[in-house]
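**Student:** Before I ask anything, here is the structure I am working with.
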Amino acid sequence: MACLHIVNCAEAMKRCVRICASGDIVVMIEDAAYCTVGDALPDGVMAYVLDADARARGVQHLLRSSLLTHDDFVDLTVAHETIVSW
């Protein structure tokens, strides 16, 4: 079953990238909004950044990941049985 990874900083993102697998979803929140993961993620891993955090840091226009609303974030947490907070 796919895992939802919620990452809140660059150091945690480094650890998450090493263990996430195809089908997983990575949501970057707080200071992880500064992360640009690009090609670092395995094939088949979807990456999102919480819209409010990206806007608060002024990086929403620099991101290669999709922006996620709070409502979308809640939907993802409800839809996933396995959630890892980094």
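The values are calculated or read from the model by the stated rules, or taken from the named source; none is laboratory data. None of the values given here were measured: they were computed from a predicted structure. Cβ: placed from backbone, ideal geometry, glycine included. Neighbour counts: every protein chain shown.
**Student:** Which of the residues spanning the stretch 47-71 are within 12 Å of the chain's Cα centre (by Cα) and part of a helix (DSSP H, G or I)?
**Tutor:** The answer is Asp51, Asp53, Ala54.
**Student:** Are there any pairs with C-beta distances below 7 angstrom linking a residue in the stretch 41-59 that is farther than 19 Å from Ala2 by Cβ to a residue that is surrounded by fewer than 14 Cβ atoms within 10 Å (Cβ to Cβ), with the two at least 6 apart or on different chains, and if so which?
**Tutor:** From the stretch 41-59, the pairs are Asp51/Thr69; Ala52/His70.
**Student:** Quick one: in the stretch 1-40, of everything that is surrounded by fewer than 20 Cβ atoms within 10 Å (Cβ to Cβ) and part of a loop (DSSP other than H, G, I, E, B), which residue is farthest from the chain's Cα centre (by Cα)?
**Tutor:** For the stretch 1-40, the residue satisfying everything is Met1.
**Student:** Got a sec? Which of Asp24, Asp31 is among the acidic types (Asp, Glu), more than 21 Å from Val59 (Cα to Cα) and at pLDDT 90 or above? Please lay out each step first, then the result.
**Tutor:** On the way: Asp31 fails: more than 21 Å from Val59 (Cα to Cα).
Testing whether each residue is among the acidic types (Asp, Glu), more than 21 Å from Val59 (Cα to Cα) and at pLDDT 90 or above leaves just Asp24.
**Student:** Can you name the residue in the stretch 41-78 that is small (Gly, Ala, Ser) and in contact with a strand residue (DSSP E or B) (Cβ under 8 Å, 6 or more places away or on another chain) and is also surrounded by the fewest Cβ atoms within 10 Å (Cβ to Cβ) among such residues?
**Tutor:** Just the residues of the stretch 41-78 that are small (Gly, Ala, Ser), to begin with: 44, 47, 52, 54, 56, 58, 65-66.
The next check asks that each one be in contact with a strand residue (DSSP E or B) (Cβ under 8 Å, 6 or more places away or on another chain); those that pass are 47, 54, 65-66.
Numbers: Ala47: 25, Ala54: 22, Ser65: 19, Ser66: 11.
Restricting to residues being small (Gly, Ala, Ser) and in contact with a strand residue (DSSP E or B) (Cβ under 8 Å, 6 or more places away or on another chain), the top hit is Ser66.
**Student:** In this structure, is Val78 assigned to a helix (DSSP H, G or I) and either β-branched (Val, Ile, Thr) or at pLDDT 90 or above (or both)? Walk me through it before giving the result.
**Tutor:** Details: assigned to a helix (DSSP H, G or I): yes; either β-branched (Val, Ile, Thr) or at pLDDT 90 or above (or both): yes.
Yes, satisfied.
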